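Trainee: Before I ask anything, here is the structure I am working with.
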Amino acid sequence: MAEVAPVEGVSSRPLHAICAEDLPGFLAGLPEVSAAFLRASGFAAKPGEIALLPGENGLAGAVIGIGKEASPWHFGGAAWSLPAGSRWHLAGSIPNATDAVLGWHLGAYRWLHHKRQERAPAELIAPSGTENAVMMAEAICAARNLINMPAAELGPQQLAEAAAGLAQRHDGRAEIITGQALLDGFPCMAAVGAGSPRAPHLAILHWEGDANGPLVALCGKGVCFDTGGLDIKPSAAMLRMKKDMGGAAIMLAVAEMVMRARLPIRLLVLIGAVENAVSGNAMRPMDVLHTRKGLRVEIGNTDAEGRLVLCDLLQFATEQQPALILDAATLTGAARVALGPDLPALFSNDDALAEGLLRAGQAVQDPLWRLPLHDGYDSWLDTPFADLSNVSQKPMAGAVTAALFLRRFLPKGQPWAHIDVYAWNDSTRPGRPEGGEAQAARAMFKMLQDFSGRL
């Protein structure tokens with residue numbers, strides 16, 4: 001437990017965080033009127049439960065229930081449960097002030113670009129030492145904004161420009177590749193976006209926290225809208241496809257965290273921004289696409305386009321000889337069938353990297369679940385008409401075969417992890433409002449903190 005003091009010079013009310021087992025002692029220390037009120041209201045200090053404390057002049061404070069172990073989600077509903085526009089500070093001892101601040105800010109987020117906010121959330125005055133939590137929340141909420149933006153307003157150009165703007169704000173360098181240069185250097189990615197009147201854009205970001213530090217490459221799938229192409233999705237499956245650039249948004253959140261924390265590494269961030277649309281220029285089933293690596297890919301399904309974007313990004317990344325490559329993508333429905341919406345699927349060719357990500361995810365309550373790169377399924381990608389197909393013709397193990405497709409573009413010995421994410425909250429829960437979500441971003445950042453700490 002750590003004592004948290006109010007911020008000097010800021011007017012705010014105290015918020016006490018109490019475990020159920022500590023409730024009797026807390027009640028004994030309250031003025032009798034407040035203690036009687038809490039007892040009468042039935043407050044039991046369940047995690048996330050909130051009760052107001054009366055005082056002589058009205059509202060004296062509030063109490064929130066927490067579990068035995070620190071969790072940001074205990075505080076995730078507080079901003080909307082406490083009186084509108086009120087200001088609070090953490091009072092007394094709590095297990096982890098960083099978790100409290102992170103959960104509060106993540107829960108206070110709402111998408112407001114096209115909806116009037118009828119009331120203001122309560123505000124938490126972040127105590128000293130929790131700046132990192134505020135930073136992570138801001139990076140995650142920026143990613144949420146990108147995912148929630150309608151595709152009509154966030155096309156490939158806008159996503160690439162958002163990536164470039166991030167680099168420029170943090171003393172990095174950015175270049176955007178499109179047109180003939182993209183077709184020449186990243187032909188498979190260019191083919192995915194050929195069906196849209198909004199041209200594909202590749203954003204390449206460079207940042208140095210330490211000029212001599214190891215290079216880490218982050219690759220993000222940025223399909224700003226996915227119709228499925230000529231293998232068009234049914235309307236129900238297309239409904240949320242503005243979120244198909246979620247992998248790119250997540251990698252931008254990780255990059256922002258790394259930059260703002262000034263980790264002693266070098267970053268290479270690759271954002272493949274395209275739209276998979278239907279037109280006379282769209283790729284067709286059984287077309288054969290060329291890739292940056294030189295492998296030729298037969299299109300077994302135009303709706304398996306994310307891996308076609310990533311394969312060129314992965315090849316470019318490997319040419320820079322990074323210490324690690326991480327990619328994130330809303331790649332397969334099969335991963336959601338296997339693990340549901342809240343557990344991103346992790347694939348890796350490096351056990352130490354995979355274990356580091358799993359440990360990090362558990363430590364920050366941003367969990368991942370590892371699935372196998374099963375060699376026995378690799379031949380399922382074979383086709384008599386090209387070096388490989390972009391899909392297996394077997395109706396099983398879709399997330400595994402997608403990861404195996406990506407592995408074809410990695411040289412042996414290159415540490416790599418692929419994270420298949422949902423990037424969306426189907427309903428509002430404490431700290432996780434309905435809409436876009438930067439899943440696995442905090443896990444990757446924590447892993448990179450641990451990685452850089454061992455240098």
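Trainee: Please compute the contact order of segment 176-271 in relative form: average sequence separation of alpha-carbon pairs under 8 Å and at least six residues apart, divided by the residue count, as a percent.
Mentor: Result for segment 176-271 is 40 percent.
Trainee: What percentages make up the Cα-Cα pair-distance distribution of segment 170-288 when the bins are 10 Å wide from 0?
Mentor: Percent of Cα pairs in each bin: 14, 38, 29, 15, 5.
Trainee: Using amide H atoms built 1.01 Å from N in the peptide plane, name the residues 5+ places from Lys233, or on other chains, whose amide H lies under 5 Å from its own.
Mentor: Under 5 Å from the amide H of Lys233 lie the amide H atoms of Gly228, each far enough along the sequence or on another chain.
Trainee: What span do the alpha-carbon atoms of the chain cover on each of the three principal axes, reported in whole Å from largest to smallest?
Mentor: Reported extents, whole Å, longest axis first: 81, 48, 41.
Trainee: Ranked highest first by average number of other Cβ atoms within 10 Å, how do 249-255, 288-294, 180-186, 230-236 line up?
Mentor: 249-255, 288-294, 180-186, 230-236
Trainee: Kirkwood Rh, segment 210-280, all Cα pairs: how many Å?
Mentor: 13.8 Å
Trainee: Within a Cβ distance under 15 Å of Asp171, other residues only, what is the Lys/Arg minus Asp/Glu net charge? Don't skip to the end; give the middle numbers.
Mentor: Numbers: positive: Arg169, Arg173, Arg260, Arg262, Arg266; negative: Glu208, Asp210, Glu256.
My count for the surroundings of Asp171 gives +2.
Trainee: Which three extents, in angstrom, do the Cα atoms of segment 381-455 have along their principal axes, listed largest first?
Mentor: That works out to 50, 40, 15 Å along the principal axes.
Trainee: Okay, next question. Spelling out what I want: for every residue of segment 79-89, take phi, set θ = phi - 60°, compute 6.51 cos²θ - 1.76 cosθ + 1.60 (Karplus), and round to whole Hz; glycine and proline get x.
Mentor: 4, 9, 8, 8, x, 4, x, 6, 10, 9, 10
Trainee: Now for a separate question. Between Glu355 and Lys68, how many nm apart are label points set 7 Å from Cα along the C-beta direction?
Mentor: For the pair Glu355/Lys68, the computed spacing is 2.8 nm.
Trainee: Quick one: which of 136-143, 78-85 comes out on top by average Cβ neighbours within 10 Å, and what's the full order, highest first?
Mentor: Most protected by this proxy first, the peptides run 136-143, 78-85.
Trainee: Can you find, among Thr332, His290, Ser389, the residue sitting farthest towards the positive end of the charge dipole of segment 266-415, where Lys and Arg contribute +1 and Asp and Glu -1 at Cβ?
Mentor: In segment 266-415, that residue is His290.
Trainee: Then there's this: How much mean residue ellipticity at 222 nm does the chain get from its helices, if each DSSP H run of length 4 or more adds -39500 (n - 2.57) and you divide by all residues, to the nearest 500 deg cm²/dmol?
Mentor: The helix-only estimate for the chain comes to -10000 deg cm²/dmol at 222 nm.
Trainee: Beyond a 31 Å Cα-Cα separation, which of these cross-linked pairs lie in this structure: Lys242/Lys412; Lys221/Lys394; Lys243/Lys293; Lys46/Lys243; Lys221/Lys412; Lys293/Lys394? Don't skip to the answer; put the middle values down first.
Mentor: On the way: Lys242/Lys412 35 Å; Lys221/Lys394 24 Å; Lys243/Lys293 28 Å; Lys46/Lys243 34 Å; Lys221/Lys412 23 Å; Lys293/Lys394 26 Å.
Exceeds cut-off: Lys242/Lys412; Lys46/Lys243.
Trainee: Hey, could you get me the Stokes-Einstein D for segment 98-199, Kirkwood radius over alpha-carbon pairs, 25 °C and 0.890 mPa s, rounded to whole µm² s⁻¹?
Mentor: 148 µm²/s
Trainee: Once you keep just the Cα pairs under 8 angstrom separated by 6 or more residues, what percentage relative contact order results for the chain? Show your work: numbers first, answer last.
Mentor: Details: 1073 pairs, mean separation 69.2, N = 455.
The normalised contact order for the chain reaches 15 percent.
Trainee: If you roll a 1.4 Å probe over the heavy atoms of the protein chains, what accessible area per residue do you get for the chain, in Å²?
Mentor: 41 Å²
Trainee: Same structure again: At a temperature of 37 °C and a viscosity of 0.692 mPa s, determine how fast segment 286-435 diffuses translationally according to Stokes-Einstein, using the Kirkwood radius over alpha-carbon pairs as Rh; express D in µm²/s, rounded to the nearest whole number. Intermediate values should be presented prior to the final figure.
Mentor: On the way: Rh = 16.1 Å.
Stokes-Einstein gives a translational diffusion coefficient of 204 µm²/s.
Trainee: Please label the shape of segment 19-80 as rounded, prolate or oblate, based on the square roots a ≥ b ≥ c of the eigenvalues of the alpha-carbon gyration tensor (a/c under 1.5 means rounded; beyond that, a/b larger than b/c means prolate, else oblate).
Mentor: Taking the square roots of the gyration eigenvalues as a ≥ b ≥ c, segment 19-80 is oblate.
Trainee: Using only Cα atoms, figure out Rg for segment 1-151 and give it as a multiple of 2.2 N^0.38 Å. Present the calculation step by step, with values, prior to reporting the outcome.
Mentor: Numbers: Rg = 16.0 Å, N = 151, 2.2 N^0.38 = 14.8 Å.
After normalising by residue count via 2.2 N^0.38 Å, the value is 1.08.
Trainee: How would Thr98, Thr130 rank on accessible area, largest to smallest, probe 1.4 Å? Intermediate values should be presented prior to the final figure.
Mentor: Details: Thr98 45, Thr130 5 Å².
Ranked from most to least accessible, the order is Thr98, Thr130.
Trainee: Tally Lys and Arg at +1 and Asp and Glu at -1 over the other residues with C-beta under 9 Å from the C-beta of Ser86: what net charge comes out?
Mentor: Surrounding charge for Ser86 is +1.
Trainee: Once the mean 1/r over all distinct Cα pairs of segment 247-307 is inverted, what Kirkwood radius in angstroms do you read off? Walk me through the intermediate numbers first.
Mentor: Working: mean 1/r = 0.0689 Å⁻¹.
Final number for the Kirkwood radius of segment 247-307 is 14.5 Å.
Trainee: Tell me which residues come under 5 Å, amide H to amide H, from Ala70 once H is placed; ignore anything under 5 positions away on its chain.
Mentor: Distant-sequence amide H within range of Ala70: zero hits.
Trainee: With only Lys, Arg, Asp and Glu charged, each at its Cβ (+1 for the first two, -1 for the last two), find how big the charge dipole of segment 315-455 is about the Cα centre; round to the nearest 20 debye.
Mentor: Here the size comes out at about 220 debye.
The values are calculated or read from the model by the stated rules, or taken from the named source; none is laboratory data. Remember, predicted model here, so these are calculated numbers, not experimental data. Here Cβ is always computed from backbone atoms with ideal geometry, including for glycine, and neighbour counts include all displayed protein chains. Keep in mind that these areas ignore ligands, DNA and RNA; they rest on the heavy atoms of the full protein, side chains included. Shrake-Rupley method; radii C 1.70, N 1.55, O 1.52, S 1.80 Å.
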